[in-house]
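Notes to accompany the following structure.
The values are calculated or read from the model by the stated rules, or taken from the named source; none is laboratory data. These numbers come from a predicted model, not from an experiment. Note: ideal-geometry Cβ built from the backbone for every residue, glycine included; neighbour counts use all protein chains shown.
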Amino acid sequence: MIKGRWCLVNFTRIHYLEMPMIRRRSPFGVLALAVTIISSISAAAAQDTTLQSADTIISNGKVYTVNAKQPWARAVAIRNGKIVSVGNDAEIAKLRGPATKVIDAGGKLVLPGFVDCHIHFLEGSISLGQANLEGAKNPADIQRILREYAAKHPGDGWILGAGWNYAMFGAENLPHKKYLDELLLNRPVFLVGYDGHTSWANSKALTLAGIGKDTPNPANGAIVHDPKTGEPTGAMKESASRLVSKLVPKPTHSEKLAALRAGIRWANENGLTRVHSAGGDFEEFALYDELRRNNELTLRMYIAYFLNPPELRPKDIDLIEEARKKYTGDWLSGGVVKMMIDGVVESHTAAMLEPYTDDPSTKGKLFWDPDKYKAAVAELDKRGLQLFTHAIGDYAVRTALDAYENAANVNHTQDRRPRIEHIETITPTDIPRFGKLGVIASMQPLHAYPDEDTLRVWAGNVGPDRASRAWAWSSIAKSGGHLAFGSDWNVVTLNPWEGLQMAVTRQTTEGKPEGGWMPQYCVTLAQAVEAYTLGAAYAGRREKMEGSIEPGKLADLVIVSQNIFEIDSHTIAKTKVIKTIVGGRIVYEADAK
Ligand SMILES: [Zn+2]
């Protein structure tokens with residue numbers, strides 16, 4: 001429909017332009033002219049009847065489209081959930097009919113809706129109702145937050161929280177149960193670290209889980225013990241966290257729905273119009289579908305199946321294929337598989353090519369046997385599925401690149417857009433492979449946030465040489481790689497404006513360190529915006545329908561409080577969303593609060 005209308009407009013225009021030439025050329029030209037005029041008139045008439053007015057017009061905006069052919073505009077017309085025209089106010093006003101809703105952008109910046117390419121949505125949504133430890137500077141801060149939380153949520157149930165960081169625990173960089181036991185809560189406490197890879201329990205929770213001196217470590221996990229007494233310290237790495245987390249009562253159906261409603265609202269409030277789920281949501285497809293049917297899903301969801309080691313089983317394939325077939329629309333879709341082949345640098349579980357600098361006894365290790373991972377990648381790629389691989393250590397990044405290269409070779413596939421998630425360390429020779437192999441670099445700017453955790457723990461663990469290639473966004477982009485940005489919420493906030501500021505400054509909100517940490521890897525603001533919009537859409541195979549403000553695409557847009565292109569980059573994080581529009585519908589409005 002839309003395409004046809006645009007053809008018609010162009011057709012009419014071409015005839016008008018050709019008229020003088022026809023007149024000069026021959027007597028037949030007169031006839032041709034008449035025919036041309038008639039066809040033009042009838043085309044225009046046809047245009048009037050088929051060209052319905054817009055449902056919504058956004059006028060008086062500074063529209064940054066992320067469309068290279070028309071980077072800036074003033075107004076946008078929307079019909080049936082899609083953008084039908086982008087132009088100046090006078091052009092777009094022609095599409096105004098009696099029933100058209102006009103949104104005056106008041107001269108503010110209008111951008112495509114933001115996409116978060118790496119999120120754990122249900123988990124994040126549930127965390128909105130738990131103790132938030134983000135920003136706590138020391139164990140005393142944590143104790144204060146937990147005391148307040150316990151007072152607000154009385155009873156004897158679990159106290160759950162997330163967001164503590166490693167740096168606050170001194171030289172060991174790991175939490176200890178004593179800080180929680182001191183609270184004398186007589187309730188089990190279970191707190192997940194900001195990166196989700198290490199957890200922290202009090203004695204009550206450890207007892208309930210039956211964890212003692214002699215409890216064996218599970219595969220791909222470790223219970224941390226006191227070197228002197230052998231007692232568990234309350235810190236648990238990777239899969240060991242499950243020993244406790246499995247005891248936490250599961251939220252009910254209605255609790256999950258309530259959490260998701262709050263999560264969706266929070267995402268829309270921050271300007272997100274789509275997210276790519278990297279784990280924890282596949283099992284909840286039906287729940288998201290329920291919200292969609294009730295017209296409550298105002299955030300588009302692309303949801304990955306989380307494939308656990310040791311191998312790809314027929315049962316996994318059935319589940320993946322079933323979801324791909326069942327969920328195909330613009331709101332909710334499957335057809336993507338997440339694999340996690342290593343851990344994180346802070347706890348030495350990221351797989352490195354060379355030993356850790358602070359602990360030369362370990363290089364970390366892959367969670368997958370490389371051959372089984374490679375075989376799984378090849379099989380999934382053959383089926384046309386998209387792949388997300390979590391790889392943080394330089395050895396893990398290389399393993400993922402090798403497996404993707406192999407899959408493209410054996411399957412003779414093109415443009416599958418496999419992704420590597422995180423890429424915290426990388427060897428120089430692997431940087432150009434992203435561009436060469438068409439592998440998307442899905443990175444989360446706020447993971448490089450240069451606070452004490454990053455500068456002391458992270459950089460200390462990998463040492464100066466590897467730290468000199470930390471989160472090498474601009475190098476990957478310069479060598480032809482596609483960047484896609486996200487948050488990894490609830491590892492860090494899902495606020496993309498904070499992510500944008502970090503991407504262009506590599507400084508904390510206080511402006512530290514001066515000049516930025518490894519500033520050579522900053523990207524430009526235009527690059528960063530693209531990585532959250534068109535680049536993100538490309539990274540989800542949706543760039544034909546989303547990611548920029550251009551006719552034919554879904555009407556997903558945001559109007560924001562300040563023009564980020566004209567302000568000091570250290571204030572980008574202060575940007576507030578005024579309106580979020582998804583599929584032509586206003587789903588968040590600041591002043592409607
Ligand atoms: Zn993640």
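Within the stretch 133-163, the set of residues being more than 16 Å from the ligand (Cβ to nearest atom) and hydrophobic (A, V, I, L, M, F, W, C) comprises L133, A136, A140, I142, I145, L146, A150, A151, W158, I159, L160. Hey, does the stretch 82-96 have a residue that's among the β-branched types (V, I, T), within 20 Å of A537 (Cβ to Cβ) and within 16 Å of the ligand (Cβ to nearest atom)? Scanning the stretch 82-96 turns up no residue that is among the β-branched types (V, I, T), within 20 Å of A537 (Cβ to Cβ) and within 16 Å of the ligand (Cβ to nearest atom).
I need the full set of residues from the stretch 473-495 which are closer than 25 Å to Q562 by Cα, within 16 Å of the ligand (Cβ to nearest atom) and surrounded by 23 or more Cβ atoms within 10 Å (Cβ to Cβ), in order please. Selection gives A484, F485, G486, S487, W489, L494. Of the helices (runs of 4 or more DSSP H) lying entirely inside the stretch 384-468, the ones with 1 or more residues being farther than 18 Å from C522 by Cα and within 16 Å of the ligand (Cβ to nearest atom) are found at 394-411. Evaluate the following for A323: is it within 23 Å of Q444 (Cβ to Cβ) and either part of a loop (DSSP other than H, G, I, E, B) or of a type in the set (G, A, S) (or both)? Against the criterion (within 23 Å of Q444 (Cβ to Cβ) and either part of a loop (DSSP other than H, G, I, E, B) or of a type in the set (G, A, S) (or both)), A323 does not qualify. Take the residues in the stretch 106-132 that are under 12 Å from the mean Cα position of the chain (by Cα) and within 15 Å of the ligand (Cβ to nearest atom); name whichever of them is surrounded by the fewest Cβ atoms within 10 Å (Cβ to Cβ). Out of the qualifying residues, it is H120.
Residue-wise test of (1) small (G, A, S); (2) more than 25 Å from A351 (Cα to Cα); (3) within 29 Å of the chain's Cα centre (by Cα); (4) part of a strand (DSSP E or B).
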{"residue": "M168", "(1), (2), (3), (4)": "no, no, yes, no"}
{"residue": "V248", "(1), (2), (3), (4)": "no, yes, yes, no"}
{"residue": "P251", "(1), (2), (3), (4)": "no, yes, yes, no"}
{"residue": "S254", "(1), (2), (3), (4)": "yes, yes, yes, no"}
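Against the criterion of being over 22 Å from G481 (Cβ atoms) and in contact with a Gly (Cβ under 8 Å, 6 or more places away or on another chain), L494 qualifies. Checking each residue in the stretch 133-151 for being buried (at least 20 other Cβ atoms within 10 Å of the Cβ) and under 22 Å from the mean Cα position of the chain (by Cα) picks out only L133.
For the stretch 98-105, the condition of being polar (S, T, N, Q), away from the ligand (no atom under 16 Å from the Cβ) and either over 30 Å from P418 (Cβ atoms) or under 22 Å from the mean Cα position of the chain (by Cα) (or both) holds for at least one residue.
Screening A536 with (1) in a helix (DSSP H, G or I); (2) under 20 Å from the mean Cα position of the chain (by Cα); (3) small (G, A, S); (4) away from the ligand (no atom under 16 Å from the Cβ) gives one miss only, at (4). Show me the strands (runs of 3 or more DSSP E) entirely contained within the stretch 269-316 in which 1 or more residues are charged (D, E, K, R), buried (at least 16 other Cβ atoms within 10 Å of the Cβ) and more than 15 Å from the ligand (Cβ to nearest atom). The strands (runs of 3 or more DSSP E) meeting that bar are 272-277, 300-303. Filtering S333, S347 for residues that are buried (at least 18 other Cβ atoms within 10 Å of the Cβ) and at pLDDT below 95 leaves a single hit, S347.
All of (1) without any contact (Cβ under 8 Å) to a residue 60 or more places away in the chain; (2) at negative phi; (3) in contact with an Asp or Glu (Cβ under 8 Å, 6 or more places away or on another chain); (4) not acidic (D, E) hold for T198 with one exception: (1).
Residue-level analysis places K228 among those that are without any contact (Cβ under 8 Å) to a residue 12 or more places away in the chain and either surrounded by 15 or more Cβ atoms within 10 Å (Cβ to Cβ) or away from the ligand (no atom under 16 Å from the Cβ) (or both).
What do you reckon, is H153 of a type outside the set (G, A, S) and touching a residue at least 40 places away in the same chain (Cβ under 8 Å)? No: the conditions fail for H153. Sub-6 Å Cβ pairs linking a first residue in the stretch 114-137 that is hydrophobic (A, V, I, L, M, F, W, C) to a second residue that is at pLDDT below 95 and within 11 Å of the ligand (Cβ to nearest atom), at least 6 apart or interchain, are I119/W489; L122/G280, ordered by first then second residue.
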